[in-house]
Amino acid sequence: MGLKHRLAIAAVALLGAWAAWATANTTKVNAASGAGTNDYEVQPVLPEAQVNMAENFYDLKLAPGQTQTLQLRIQNFTNKTIKVKSGLGNAVTQTGGGIVFASEAAKPDVSLKHPFTTLAKQPRGQATVTLGPRRAKTLSVTITMPQKPYAGMIYGDWHFSEAIANKAKSRNAVGAKYAYSVGVLLRGTDFRQTFPKLRYQNTEPFLANRHPAMGINIQNTAAMAMRQVSILAKVSLVGSRDITRVYSKTGVMIAPSSTLKIPISWNYNTMKPGTYKVAVTIKGQNYGNRFPMTLNFNRQFRVAAKKAAAINAKAAQKPKNKWVPVAYATGALWLVALGSLIWMLAVRPRA
């Protein structure tokens, strides 16, 4: 192999090495770590009022004014003493769809007439449970139903989280906190004949993960949940060539007597003032009888210049990759060097 070919191969190898270096230094690598088996476990003890004994949550049919005690077994599987916090919550719809449970301290939706946390009470001292090594306990919650009959459902949960005494001092340490949530569904009269009632509230700008966004608020005023919900929402600026921004999600639930906020993000783009139009389609099933439902909302709203400016001022700025200029400059130097090498090889007289 001649000198010309060896130099050309060396130049290509150098360029490959530079490319590998640039990739390694401009790509952020994230590491994940998994946890082992749980320290403890909970198992509900289903009462006679349970509608379906095959379920792993409480699904109860109780009479008006009836008092019912729920029991649950909690067991420590470790060789150490652990502490577990026990609490009650009300079902709410989280931003974007899906049911979560808010603590009793959180303000319930104005349409919620009978919050679960006002009907269910834990014994004094049960907020924190101490379990010795390999020990188990039976916990209880007492439910007192409203005196007057109610339609639909009341939905809440009985939740648990392990109390971690010592926080890790190292920033790189990986910790674990095991949590459980056991749903409690109380069936009222006309459970299968009660339907969700969705109504459009408003659309307003807000910050979603430090990005400008529109929040479309849809309230379910009925004491009945929706299941297998798909959400499709579109927002566009009237009289503008800006793209239509879309939010889409499937397979979620909408809690009874709660408000769904549909977030449509602008990402790193600036939000403009003006008149916007919004179109929302929500499809799903009535939780009580699986009856299919479809609802459509079409509205217009205006965003004031002052409001848009305030949102944009608080939004995160698009990060700049400091390695990009370095990579471009280094690449340019290598290209110049390669070009010079090829030129010298091309014009070098043969021996």
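The values are calculated or read from the model by the stated rules, or taken from the named source; none is laboratory data. Not measured: the values here are computed from a predicted model. All Cβ positions, glycine included, derive from the backbone under ideal geometry; neighbour counts span all protein chains shown.
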Strands (runs of 3 or more DSSP E) contained in the range 87-156 and holding at least 2 residues buried (at least 16 other Cβ atoms within 10 Å of the Cβ) and touching a Gly at 6+ places or on another chain (Cβ under 7 Å): 99-103
Verdict on ILE254 being in contact with a Pro (Cβ under 7 Å, 6 or more places away or on another chain) and at pLDDT 95 or above: yes
Considering residues of the range 300-313 that are of a type in the set (Gly, Ala, Ser) and in a helix (DSSP H, G or I) only, the residue farthest from the chain's Cα centre (by Cα): ALA305
Leading residue by the ranking (farthest from the chain's Cα centre (by Cα)) among those in the range 244-299 that are in a loop (DSSP other than H, G, I, E, B), buried (at least 19 other Cβ atoms within 10 Å of the Cβ) and hydrophobic (A, V, I, L, M, F, W, C): MET271
Condition met for VAL92 (at pLDDT 95 or above and more than 24 Å from the chain's Cα centre (by Cα)): no
Meets criteria (touching a residue at least 60 places away in the same chain (Cβ under 8 Å), in contact with a strand residue (DSSP E or B) (Cβ under 9 Å, 6 or more places away or on another chain), of a type in the set (A, V, I, L, M) and assigned to a loop (DSSP other than H, G, I, E, B)) for ALA316: yes
Only one of VAL100, VAL84 that is within 28 Å of the chain's Cα centre (by Cα) and more than 28 Å from ASN289 (Cα to Cα): VAL84
Test: residue in the range 61-83 that is under 29 Å from ILE164 (Cα atoms), assigned to a loop (DSSP other than H, G, I, E, B) and among the charged types (D, E, K, R): yes
